[in-house]
Amino acid sequence: MTKVKTLDDLIRLRDELRTKLELREKGEHPEQLIQVKVAMATCGIASGAKEVMDYFIDELPKRNIAAVVTQTGCMGYCYAEPTIEVTLPGKEPVVFGYVNKEKADEIIEKYLKAGELVDGIIPQTFKKPN
Amino acid sequence: MANYKMHVLVCGGTGCKTSESDMIAHNLRSALAQHGLSDEVQVVMSGCFGFCEKGPIVKVLPDNIFYVSVKPADATTIVEEHIIKGRPVQHLLYNDPVTGEKITESRKMDFYQQQYRIALRNCGFIDPENIDEAIARDAYQALGKVLTQMTPQEVIDIIKRSGLRGRGGAGFPTGLKWEIASKVPGDEKYVVCNADEGDPGAFMDRSILEGDPHSVLEAMAICGYCIGASQGLIYIRAEYPLAIERLKIAIKQAREYGLLGNNIMGTGFNFDISLCYGAGAFVCGEETALIHSMEGHRGEPTFKPPFPAEKGYKGKPTNVNNVETFANVPAIILNGAEWFASIGTEKSKGTKVFALAGKINNVGLIEVPMGTKLRTVINDIGGGIKNNKKFKAVQIGGPSGGFLTEKHLDTPIDYDSLTEAGSMMGSGGMIVMDESDCMVAMAKFYLDFTVEESCGKCAPCRIGNKRLDEILAKITEGKGTEEDLALLRNLGQVIKDTSLCMLGGSSPNPVLSTLEHFYDEYLAHVRDHRCPAGQCKALVHYYIDPEQCVGCTACARACPVNAIAGERKKPHVIDQLICIKCGTCVEKCKFNAVLVQ
């Protein structure tokens, strides 16, 4: 049983517990954070999108990157699955294809951290209403 | 421990629970388990989101998708479409009534845009039955700060400087109240939380207790430290079973964590809280009556002074504050008096929670900065009047408050402006009326409530209100005279001046304020024996316009007393002797042929 014996105990406990709610806090203001959307339709999942998503969820906090990782539907680039869409705050979304763990690592290190583009970008070939 | 990728919040407030939100959560959990996602998606029963009109609410994070009017059967769709495939379920999104577009995120809804949540900061965000989630959101940090770094007087000074005033209705400065209680000598003092929310249509305090009980427990302990009390009591009506249940869980968890009990955080400060159930009498919201009820006596008020601060529960110095008042305290301690004082108007600081109800599109629970205009609350947050009808009046402050009209819509919501306009802040019930509401009947509705709830101790309230009620009944039956109107005014004033407590002292307000603002309507009742809104049954007649009637027989088939006769495809006629004036025919007629006069 956690007994809070001092204020420091309470502060420590709060900081520990905070990570559990981080997801909710972040969800309130996603546009201020890096957003990573993993295409998780049948094609994506079959190609390993789930592992890639898990990789982002595990790795980003370890590398101290505040980001929101969500899933999305098929983006249409089934040939290049797993695909992810990354939006840096204030920038246009960029779609990467053939993302495995190694590629994910490269994207985190280069694009997420430094804004440096890496190979594997799929140019947006369609328009969306508004 | 599971590493959740998504959180699904399901509203667990009383309103949404009534609409089977329990089942929604249960179905979500089983659908997730079926797809092997139990360790990846967390389902949380949270407190009230406030948007009760479109409940039950389900919110998915971090996508921040806000679903409305969710049914238990929708759970599978949410899991299979949204959670697995990442496609928000279109038919569960909120439709913006103005643009007609689907809105995915709650913060883009008009309902939430103008709100500022302090007392409701954790409602609809955390699981109220899990102290860990409250702690993650800074619960008990203010208590820790107070106990380790501040003297009681310093805390009282912060509360005084913040400008916090009692949210129960009267608006007495909270810091001053604490200071008075702290200065009265006594080795045994009590902190009481008044959770006897009794206004018809009000559910602010219930929602806070259901959604974030720890905020109140923490504030009571802070108050205990300030005034020198080690015992807290929450007086809550037994008709709030969910709030009681959640309070019990919260108290138990806080004790287990050592946040209530002896030697809290190693500071030597002892404080514990117990619950005390009320039977739901309106008068027990009055602090002296509340204390008598807690002591096991009849819930009757006594004359003040002596104030509870000197002679309260068991004759000991007692500080009584309302739920919402307490809920503000931890935020003030953590963010500072200046922060709180920067919100609101000159004399009314901070925010106020209101329960919006009546003929308004977005019935729900809202929190707005003091000074927000009534128009903003009703038209923007409330989404305007139902069925495109015309706004007529808004009743604030429950049976003790008054009616405000069109011309008051630009009144800023604060203690003094509302009082000046002839109403009062009250605890936060806000009931909106449209053109089809008869003001005489509304005044009578509130007075009926007071007559029922009067404790009967003093004559003005017991007898006076009964007489007022009888005169109103006479008027709504079409037997009133103009002299009656003068009598209403006179008698109302006498009751106000001579009643023992504020229940009687404010009970004629609905009558007096409708007389003031809707005198024409009273005159129509007594002079022309006519009810302009068509609500007073004795004064209206239903008849069918032969020009408009096509003889579809819809009304005749729907009439519960078979008062409508006529041949198919020929105009129908209502037999006035049989008609019970229920209005069903008006609802059924598609040709506006049924007239009310």
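The values are calculated or read from the model by the stated rules, or taken from the named source; none is laboratory data. If you're wondering where the values come from, they're calculated on a predicted model, not measured in any experiment. No Cβ is skipped: glycine too gets one built from the backbone with ideal geometry, and neighbour counts run over all protein chains shown. Note: areas computed on protein heavy atoms with side chains; ligands, DNA, RNA excluded. Shrake-Rupley method; radii C 1.70, N 1.55, O 1.52, S 1.80 Å.
From the set of residues in segment B:69-88 that are open to solvent by 10 Å² or more (accessible area, probe 1.4 Å) and aliphatic (A, V, I, L, M), which is modelled with the highest pLDDT? Among those residues, the one meeting the criterion is B:A73.
Restricting attention to segment B:248-282, which residues are of a type in the set (A, V, I, L, M), within 14 Å of chain A (Cβ to nearest Cβ) and outside any helix (DSSP H, G or I)? Hits for segment B:248-282 are B:L259, B:L260. Of all the listed residues (B:T76, B:T99), the sole one being farther than 26 Å from A:I84 by Cβ and not in a loop (DSSP other than H, G, I, E, B) is B:T76. For segment B:120-154, give me the residue count where each residue is within 14 Å of chain A (Cβ to nearest Cβ), open to solvent by 40 Å² or more (accessible area, probe 1.4 Å) and charged (D, E, K, R). Total satisfying the criteria: 4.
One residue is enough: does segment B:285-295 have a residue meeting the conditions farther than 21 Å from B:P173 by Cβ and without any contact (Cβ under 8 Å) to a residue 40 or more places away in the chain? Write out each step before concluding.
Taking segment B:285-295 and keeping what is farther than 21 Å from B:P173 by Cβ, we get B:289, B:292-295.
Restricting the remaining residues to those that are without any contact (Cβ under 8 Å) to a residue 40 or more places away in the chain gives B:292, B:295.
Yes: one or more hits.
From the list B:D520, B:D484, B:D528, the lone residue that is surrounded by 16 or more Cβ atoms within 10 Å (Cβ to Cβ), charged (D, E, K, R) and under 27 Å from B:E406 (Cα atoms) is B:D484.
Is there a residue being aromatic (F, W, Y) and away from chain A (no Cβ under 12 Å) anywhere in segment B:238-247? Yes. Among the residues of segment B:557-597, those identified as in a helix (DSSP H, G or I), open to solvent by less than 50 Å² (accessible area, probe 1.4 Å) and closer than 20 Å to B:L539 by Cβ are B:T584, B:C585. From the list B:E287, B:E338, B:E310, which residue is of a type in the set (D, E) and either at pLDDT 95 or above or touching a Ser or Thr at 6+ places or on another chain (Cβ under 8 Å) (or both)? Testing whether each residue is of a type in the set (D, E) and either at pLDDT 95 or above or touching a Ser or Thr at 6+ places or on another chain (Cβ under 8 Å) (or both) leaves just B:E338. Of all residues in segment B:32-63, those being part of a strand (DSSP E or B) and either farther than 18 Å from B:L93 by Cβ or out of contact with any strand residue (DSSP E or B) (no Cβ under 8 Å at 6 or more places or on another chain) (or both) number 6.
Residues in segment B:166-182 that are of a type in the set (V, I, T) and either surrounded by fewer than 19 Cβ atoms within 10 Å (Cβ to Cβ) or out of contact with any strand residue (DSSP E or B) (no Cβ under 8 Å at 6 or more places or on another chain) (or both): B:I180 alone.
Could we say that B:R117 is within 12 Å of another protein chain (Cβ to nearest Cβ), touching a residue at least 60 places away in the same chain (Cβ under 8 Å), of a type in the set (K, R) and assigned to a loop (DSSP other than H, G, I, E, B) here? Talk me through it step by step, then tell me what you get.
Details: within 12 Å of another protein chain (Cβ to nearest Cβ): yes; touching a residue at least 60 places away in the same chain (Cβ under 8 Å): yes; of a type in the set (K, R): yes; assigned to a loop (DSSP other than H, G, I, E, B): yes.
It is true that B:R117 is within 12 Å of another protein chain (Cβ to nearest Cβ), touching a residue at least 60 places away in the same chain (Cβ under 8 Å), of a type in the set (K, R) and assigned to a loop (DSSP other than H, G, I, E, B).
Table: residues versus (1) out of contact with any helix residue (DSSP H, G or I) (no Cβ under 9 Å at 6 or more places or on another chain); (2) surrounded by fewer than 17 Cβ atoms within 10 Å (Cβ to Cβ); (3) farther than 21 Å from B:Q535 by Cβ; (4) at pLDDT 95 or above.
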residue: B:G426; (1), (2), (3), (4): no, no, yes, no
residue: B:I431; (1), (2), (3), (4): no, no, no, no
residue: B:D434; (1), (2), (3), (4): no, no, no, no
residue: B:G456; (1), (2), (3), (4): no, yes, yes, no
residue: B:K466; (1), (2), (3), (4): no, yes, yes, yes
residue: B:E477; (1), (2), (3), (4): no, yes, no, no
residue: B:G480; (1), (2), (3), (4): no, no, no, no
residue: B:L500; (1), (2), (3), (4): no, no, yes, no
residue: B:S507; (1), (2), (3), (4): no, no, yes, no
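Every test in (1) open to solvent by 10 Å² or more (accessible area, probe 1.4 Å); (2) within 30 Å of B:V394 (Cβ to Cβ) is passed by B:K248 save one, and that test is (2). For the residues B:I65, B:I57, the requirement of being within 26 Å of B:I366 (Cα to Cα), among the β-branched types (V, I, T) and open to solvent by 10 Å² or more (accessible area, probe 1.4 Å) singles out B:I65. Among the residues of segment A:52-66, is any at the interface with another protein chain (Cβ under 10 Å from one of its Cβ atoms), more than 13 Å from A:G97 (Cα to Cα), open to solvent by 50 Å² or more (accessible area, probe 1.4 Å) and at pLDDT below 80? The answer is no, given that none of the residues of segment A:52-66 is at the interface with another protein chain (Cβ under 10 Å from one of its Cβ atoms), more than 13 Å from A:G97 (Cα to Cα), open to solvent by 50 Å² or more (accessible area, probe 1.4 Å) and at pLDDT below 80. The set of residues in segment A:32-49 being more than 9 Å from chain B (Cβ to nearest Cβ) and more than 20 Å from A:I65 (Cα to Cα) consists of A:C43, A:G44, A:A46, A:S47, A:G48, A:A49. Could you please find all residues in segment B:132-187 being more than 24 Å from B:G266 (Cβ to Cβ) and part of a loop (DSSP other than H, G, I, E, B)? Correct list: B:G163, B:L164, B:G166, B:R167, B:G168, B:G169, B:A170, B:G171, B:F172, B:V184, B:P185, B:G186. Taken over segment B:360-378, the criterion of being surrounded by fewer than 21 Cβ atoms within 10 Å (Cβ to Cβ) and charged (D, E, K, R) is satisfied by B:K373, B:R375. Checked against the criterion of being touching a residue at least 60 places away in the same chain (Cβ under 8 Å) and assigned to a strand (DSSP E or B), the candidates B:A309, B:A327, B:A331, B:A355 yield just one match: B:A355. Of the residues making up segment A:11-50, those that are over 23 Å from B:F125 (Cα atoms) and open to solvent by 30 Å² or more (accessible area, probe 1.4 Å) number 7.
For segment A:12-26, filtering for residues that are more than 8 Å from chain B (Cβ to nearest Cβ) and basic (K, R) leaves 1.
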